[in-house]
Amino acid sequence: MILLAASLKDVASLTITRQVLEHYPFKPTGQTFQGNPIYAAVVNGKEVNLIILSEETVNAQYLTGSFPNPSLIVFISRHSSTSGKPTLSVHTPGNLGAAEFGGLPRHVSVAPAAAMHDALKALSYFKDGMKLEYEVSYECTHHGPSLNAPAMFVELGSSPQQWRDPRAAEAVAHAAMLAIGKFGVSEKKAVLGIGGTHYNERFTRMALDSETIFGHIIPKYAVPVVDAAMLRQCLEKTLEPVDAAVLDWKGIKSADKPQLLAALQEIGLPYKKI
C-alpha cells in the first residue's frame, strides 16, 4: 500500500489535495485518521490511500506505526524559503545532524531514488507544458520525519502566493501521482550527492538531462557533521543500490574535503567529482 499524506496545517498541501481529488479517482473509505477522512484509489494497479494529518507533515514520526509497512510514502506539502522564489521541489526527509524540524537526530528516511527522479522529471514536464514561471529542483535531505520506509516530499513553494496557486498545485499533484503510478523497486543504480547548496542546480540538471537517480543529497553546510557512519546509513537507507557518490567539488569547503574523502574511503564508496 502507498500512502499519499497531506496536512490540515499546510495551505499548499490542501491546495494540492484538492487537485488530487479533482483529477484522480479517490473515494472516501468511510474510515478516518486523526478525525479526517481517508480516501482510496487504485492507480496503475497499486492501492493508494490519501490521508490528511491534523499536524505538520514534518512531525509525522509516528506514521509507520499507524500504517505499517507502506511500500512508499509521498508527502504533498508547502516549500518555504526567505527568497520566496516560485519553486517546485522534491526531496527525501531525515536529519543528517540535529533534529531541528521533526524526526530523529542523525536518522534519515529511506530515499526512493527512482520515484524522486520520476517526480522531478514530471515537475519539469508539467511546468513547461503548463507554462508555469517556477523553478524545478532537488532539495537536500532535511527535516522530519525520519522513517524506516521509502519516503519523499513533493513540494509547492515558496511563499503564500504560490501555496494558493491552483495551476502549480495541479502540476505537483500530477507529478506525485505519476511517480506513484510508476513506482516499483527499480533496477537502476542510485548515486549519493554531496556538496553544493540546499538546492543543488548541478545535481538537478544532471538528473533532468540523464537517467542518473539521486538518493540522499548532502549539502555543503552538512558535510562537517557527516562521518563514515552517516554515509553508510545514507547508502543503507536508499531503496536502490548506491554504486557511487557524486561530489559537487567546488561546492565543498576545502577544509572539509580531507575528512569527507577519508570517510568515503572507509566505507569503500567510489566517487566522481563534477
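Each reported figure results from applying straightforward, stated rules to the coordinates on display, with no laboratory input. Since the structure is predicted, the reported quantities are computational estimates derived from the model, not experimental observations. Neighbour counts run over all protein chains shown; Cβ positions are idealised from the backbone, glycine included.
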Under a GNM of the chain (C-alpha, springs under 10 Å), which listed residue has the highest mean-square fluctuation: Leu132, Leu88, Leu239?
-> Leu132
Which whole-angstrom value gives the distance between the alpha carbon centres of the stretch 23-40 and the stretch 220-274?
-> 41 Å
With each label point set 7 Å from Cα along the Cα-Cβ vector, what nm distance links Ser66 and Asn36?
-> 0.8 nm
What nm distance separates the two modelled labels at Glu47 and Lys250, each placed 7 Å from Cα along Cα→Cβ?
-> 5.1 nm
Between Lys220, Lys27, Lys189, which gets the highest mean-square fluctuation from a Gaussian network model of the chain, Cα cutoff 10 Å?
-> Lys27
Helix 257-267 versus the longest principal axis of the chain: what angle, 0 to 90°, nearest 10, using Cα atoms?
-> 80 degrees
A chain fully extended from Thr197 to Glu22 at 0.36 nm per residue, minus the present Cα-Cα distance, gains in nm 59.4 nm
Among Phe75, Phe153, Phe101, determine the one that fluctuates most according to a GNM of the chain built with springs between C-alpha atoms less than 10 Å apart.
-> Phe101
Quick one: work out the % antiparallel among DSSP beta bridges in the chain, nearest 5.
-> 30 percent
How much length is gained if the chain between Asp227 and Leu8 is pulled fully straight, taking 0.36 nm per residue apart and subtracting their Cα-Cα distance, in nm to one decimal?
-> 75.1 nm
Give me the distance in nm between label points sitting 7 Å out from Cα along the Cα-to-Cβ direction at Lys272 and Lys188, one decimal.
-> 1.5 nm
Using 0.36 nm per residue of separation minus the Cα-Cα distance, give me the extension gain between Leu261 and Asp243 in nm, one decimal.
-> 4.9 nm
